[in-house]
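Undergrad: Just dropping this structure here.
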Amino acid sequence: MTGWELAVVVGVGVIAGAINAVVGSGSLITFPTLVALGVDPVVANVSNTVGLVPGSFSAAYGYRAELRGQRDRLLRLGAASTIGALIGGVLLLFLDPSVFEVVVVALIAIACVLVMVQPRLNTWMAARRDMPHPHGGPVLWLGVLGAGVYGGYFGAAQGVLLIGLLGIFLDDGLQRINAAKNVLALTVNAVAALLFVIVADVDWQAAAGVALGAIIGGWLGARLGRRIPAPAIGDVEVKHVMTRNPVTVDEDDDVGDAAGTMLEGNFRHLPVINADRRLVGMLSERDLRSHMGTDFRDWSEIDSERLLEPVSNIMAQVPVVVRPHNRLVDLLDIFADEGVGALPVLDDEDRLVGILSYVDVLVWLRDVSRLESRSVDTEAPSASP
């Protein structure tokens, strides 16, 4: 490889590293470039994977602030990426090379299509997902396993696959999902690269050129990607802020039992359901104080007969029913102007799936502010001694 050819490889490595940090699909640039420079397709694929490992680490490190609190999630999904990468790497090495030369054309075409349709596909799927599991559940694990197989075998656009899967099955912000994607892509590339270094032919000039460029590009891409704004408050939906699966009381429960539930859980509002588990009202601290004529936490001064009345006698009728897909900003006036402390959230079949309170809104705003502050702190230069 001549000096000019190596410079070209470094240059496309920078571009690929930056693309991989923000979205994924950088191999659509580096792999064809290596092949065009005369590197055997299988060797080019192997060398490209090895070379992208340092860039993947650079991108993941650049998103370290957004990785806080994701350890358990990444351990679970990282296991799937590891297994998938081993399967994909073994397939690449032990299938006939002619198979790869035929399949890679289709894989590149698929990767290009994924890059083009991923934003619309992700939006369509996210709008139809049910309440997501904190770690995505078994379906996401299997999806990440499949992405790992794909990444270990070829790798182009595996980042697009990962960010699409994570965006569909996880209820988290764009930047945190992108940070997780970078760690999982690093896992796949590192595992496959280790396998290739041990048992495959690597063009070390090509791998070194890609690596040098990818380190620079990964760092630049992470700095650029972290500046992509998160959705404005006007775009945030209720499902991202609400408390899921809230504690409820039955309309026939005694007021005393309901007050005990509220005290024990330190709740301010409780949805009230009927025998069919349908929402029929809301019970608040205000309702209890009004009914008992005193602070309901001091039971010594409360008339025992009032404690035995059914909740249905004192609960408030539901003022507004909201859906998980409603915009948060459309509900702020209800909290501010009508003095409502909490709103029940029902799905399209009118099943109770959550409760949105003013405390939920404040906690969400606090967390968003903290995340933005951490991002600024990690970019700020350290003070001189």
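The values are calculated or read from the model by the stated rules, or taken from the named source; none is laboratory data. Owing to the predicted nature of the structure, the values given are computational and were not obtained by experimental measurement. All Cβ positions, glycine included, derive from the backbone under ideal geometry; neighbour counts span all protein chains shown.
Undergrad: Within region 151-186, track down each residue that is in a helix (DSSP H, G or I) and among the aromatic types (F, W, Y).
TA: Correct list: Y153, F169.
Undergrad: Just a yes or no: is a residue in region 301-310 assigned by TED's automatic domain parsing to the domain that holds T243, in a strand (DSSP E or B) and at pLDDT 85 or above?
TA: yes
The rows are residues; the columns are (1) of a type in the set (F, W, Y); (2) farther than 26 Å from G173 by Cα.
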residue: V14; (1), (2): no, yes
residue: L34; (1), (2): no, yes
residue: P41; (1), (2): no, yes
residue: N45; (1), (2): no, yes
residue: T49; (1), (2): no, yes
residue: G55; (1), (2): no, no
residue: Y63; (1), (2): yes, no
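Undergrad: Could you say whether any residue in region 20-32 is hydroxyl-bearing (S, T, Y) and at pLDDT below 85?
TA: Yes: one or more hits.
Undergrad: I'd like to verify a number: residues in region 235-256 that are touching a residue at least 40 places away in the same chain (Cβ under 8 Å) and in a loop (DSSP other than H, G, I, E, B), how many?
TA: Here the count works out to 9.
Undergrad: Could you tell me which numbered condition A80 fails, if it satisfies all but one of (1) hydrophobic (A, V, I, L, M, F, W, C); (2) modelled with pLDDT of 80 or more; (3) farther than 23 Å from R176 by Cα?
TA: (3)
Undergrad: Only one of these conditions is not met by S25: (1) at positive phi; (2) over 29 Å from the mean Cα position of the chain (by Cα). Which number is it?
TA: It fails just one condition, (2).
Undergrad: Any chance region 87-101 includes a residue that's surrounded by fewer than 24 Cβ atoms within 10 Å (Cβ to Cβ) and assigned to a loop (DSSP other than H, G, I, E, B)?
TA: The answer is yes; a qualifying residue exists.
Undergrad: Please find, among L37, L77, the residue that is touching a helix residue (DSSP H, G or I) at 6+ places or on another chain (Cβ under 9 Å) and surrounded by fewer than 22 Cβ atoms within 10 Å (Cβ to Cβ).
TA: One residue alone meets the criteria, L37.
Undergrad: Restricting to region 157-187, count the residues that are of a type in the set (K, R) and within 14 Å of A80 (Cα to Cα).
TA: 1
Undergrad: What is the residue count in region 60-70 for residues that are closer than 20 Å to A147 by Cβ and at pLDDT 85 or above?
TA: 3
Undergrad: To continue, here is another question. Please go through region 257-277 and give me each residue that is closer than 15 Å to I314 by Cβ, crowded, with 18+ Cβ neighbours inside 10 Å and free of Cβ contacts under 8 Å to residues at least 60 places away in the same chain, ordered by number.
TA: Answer for region 257-277, where residues must be closer than 15 Å to I314 by Cβ, crowded, with 18+ Cβ neighbours inside 10 Å and free of Cβ contacts under 8 Å to residues at least 60 places away in the same chain: A258, A259, M262, L270, V272.
Undergrad: Considering (1) farther than 25 Å from L362 by Cβ; (2) at pLDDT below 90, say which one G209 fails and leave the rest.
TA: (2)
Undergrad: When you check G62 against the structure, is it assigned by TED's automatic domain parsing to the domain that holds L107, in contact with a Lys or Arg (Cβ under 7 Å, 6 or more places away or on another chain) and either surrounded by fewer than 24 Cβ atoms within 10 Å (Cβ to Cβ) or of a type outside the set (F, W, Y) (or both), yes or no?
TA: For G62, the condition - assigned by TED's automatic domain parsing to the domain that holds L107, in contact with a Lys or Arg (Cβ under 7 Å, 6 or more places away or on another chain) and either surrounded by fewer than 24 Cβ atoms within 10 Å (Cβ to Cβ) or of a type outside the set (F, W, Y) (or both) - is met.
Undergrad: Oh, and also: Of the conditions (1) at pLDDT 85 or above; (2) in contact with a strand residue (DSSP E or B) (Cβ under 9 Å, 6 or more places away or on another chain), N313 satisfies every one except a single condition; which number is it?
TA: (2)
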